[in-house]
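Here the structure is laid out as structure tokens; the discussion comes afterwards.
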Amino acid sequence: MRFRWLQNVALLMVATLIALGMGEVLVRAVAPQQLILLRPDIWQPVDSLGWAHRPNLHTRVNTGDRTVTMQTDRDGFRIATGGRPPGDYRILLLGDSFVAAMQVEYEQSLPGLIERCFATRTGKSASVWNAAVSGWDPPHYLMQARRSLATAPFDLVLVAVYLGNDVVDRRYVIPPREAYPRHTFHLPRHFTYGEFVDGLLAPINDGLETRSHLFIFFKTRLEALLMRAGLTAVEVPTDLRREEATSPRWQVTGDILADIDSFASAYGVPAAFALIPANEQVDPAVFQLRTKAFGIDPTSLDLDQPDRLMVAELQRRGLSFVSLLAPLRAGQARGLPMYGRVDPHPSEEGHRIMWDAVAPLLARRLGLKYDVGTAAGAPCTPP
């Protein structure tokens, strides 16, 4: 009896493996998925910043929606495939993955559009030093501003502040490390669900998402279930919670941004800030999916709170800024594909809308006349 039971278990395991193998082959043939790519060739550990892009890169990368060219200069700043064009003005751009924009070709990103389109609106061309790196936040921006302004001349500093996770509660520096460290197998140190996930489930996920199309296929379609189980990095931004309205994080972040402005001013360089809203603030479907999946009462969240409180902090300090919340919501209401289908970063349309909103601020800070008669989103050619 025991032998038959073991035989049945063995047959079940073999049948399961065969079914999974056939499923993997079928998905790869009919609906191939974008595997998560481990790309240590793109990032390098950097003291005080944690990580940054490697210099002189020329590679191709796909984060889920399309394959794009990733090219950097000698400083690790992303540039167009043809190199950085000459311009009448030099702009230092600081930010995270939303303006590093590895989801679209450089020419379609906000910095690429500045280089391509600024002259059509102002009559003067601009070159962008795109120092943005995925995973960075205001303490990184301040550190990079100090490094860049001390070593090269600029005419303007533009800081893109992503309200999904850029509002920080403390200042810090980061020792050199990998950009996205992977989980390693280990026995749970104590019997909690979180430790079970960290020691066993997360390493399995890390391995499968780099190898299995079938795993990615089901993971994408079971997103809500994975959210409930705590098996995804996706979360509802803390800053949407009404209880966070009195947190000191708004003042801390405002102080760091004011320090960037002061440091730039010491070099005679004006600064400008662009507030980029979280996806949940823009797309009602994303908000509904995540609140339902995490079992969060929607009334405990305030979709306008991050923008409203951060605007107040910038105004109190007399900083120049533009909020992208209203323009992006308007684009979403018109049915434009604001974000990627797989990667939730701005699409080509999203970057065009950000450019339209940011361009007047750039012109004003540079003391230039801005041509409002140019149609919003109109195509432009390189200067």
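Which residues, taken from the range 102-118, are of a type outside the set (Val, Ile, Thr) and either farther than 19 Å from ALA272 by Cα or in a strand (DSSP E or B) (or both)?
MET102, GLN103, GLU105, TYR106, GLU107, GLN108, ARG116
Pairs under 7 Å by beta carbon, first residue over 11 Å from GLN108 (Cβ atoms) and basic (Lys, Arg) in the range 346-358, partner modelled with pLDDT under 95 and surrounded by fewer than 24 Cβ atoms within 10 Å (Cβ to Cβ), six or more apart or different chains? The qualifying pairs do not exist here.
For the range 267-290, the candidate set comprises residues that are touching a residue at least 12 places away in the same chain (Cβ under 8 Å) and more than 21 Å from the chain's Cα centre (by Cα); within that set, the residue that is surrounded by the fewest Cβ atoms within 10 Å (Cβ to Cβ) is TYR267. Filtered by the rule that a residue be surrounded by fewer than 24 Cβ atoms within 10 Å (Cβ to Cβ) and among the hydroxyl-bearing types (Ser, Thr, Tyr), the range 107-122 gives THR120, THR122. Condition check for TRP51 on (1) closer than 24 Å to LEU366 by Cβ; (2) surrounded by 21 or more Cβ atoms within 10 Å (Cβ to Cβ): one failure, at (1). When THR67 is tested against (1) at pLDDT 95 or above; (2) of a type in the set (Val, Ile, Thr); (3) surrounded by fewer than 23 Cβ atoms within 10 Å (Cβ to Cβ), exactly one condition is not met: (1).
Condition check ((1) at pLDDT below 95; (2) among the charged types (D, E, K, R); (3) in a strand (DSSP E or B)) across all residues:
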position	(1), (2), (3)
HIS140	no, no, no
ASP166	no, yes, no
ARG182	yes, yes, no
LEU187	yes, no, no
PHE191	yes, no, no
ASP198	yes, yes, no
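Taking the condition of being touching a residue at least 60 places away in the same chain (Cβ under 8 Å), of a type outside the set (Lys, Arg) and either closer than 13 Å to HIS53 by Cα or surrounded by fewer than 21 Cβ atoms within 10 Å (Cβ to Cβ) (or both), how many residues in the range 123-133 meet it?
3
Among the criteria (1) among the β-branched types (Val, Ile, Thr); (2) closer than 26 Å to LEU366 by Cα; (3) touching a Ser or Thr at 6+ places or on another chain (Cβ under 7 Å), the one ILE114 does not fulfil is (3). Selection within the range 223-251: residues that are within 21 Å of the chain's Cα centre (by Cα) and modelled with pLDDT of 95 or more. The member of this set that is farthest from ARG316 (Cα to Cα) is ARG249.
Would you mention how many residues in the range 143-160 are in a loop (DSSP other than H, G, I, E, B) and either under 19 Å from LEU361 (Cα atoms) or within 24 Å of the chain's Cα centre (by Cα) (or both)?
Summing the residues that are in a loop (DSSP other than H, G, I, E, B) and either under 19 Å from LEU361 (Cα atoms) or within 24 Å of the chain's Cα centre (by Cα) (or both) in the range 143-160 gives 2.
Among the helices (runs of 4 or more DSSP H) confined to the range 262-327, the ones with at least 1 residues that are within 16 Å of VAL161 (Cα to Cα) are located at 279-282, 305-316. For the range 302-328, the tally of residues that are surrounded by fewer than 17 Cβ atoms within 10 Å (Cβ to Cβ) and within 20 Å of the chain's Cα centre (by Cα) stands at 2.
May I ask you to verify whether GLY87 is surrounded by fewer than 17 Cβ atoms within 10 Å (Cβ to Cβ) and farther than 17 Å from PHE273 by Cα?
For GLY87, the condition - surrounded by fewer than 17 Cβ atoms within 10 Å (Cβ to Cβ) and farther than 17 Å from PHE273 by Cα - is not met.
The values are calculated or read from the model by the stated rules, or taken from the named source; none is laboratory data. The structure presented is a predicted model; accordingly, all values stated were derived computationally and were not measured. FYI the Cβ positions are ideal-geometry reconstructions off the backbone, even for glycines, and counts take in every protein chain you see.
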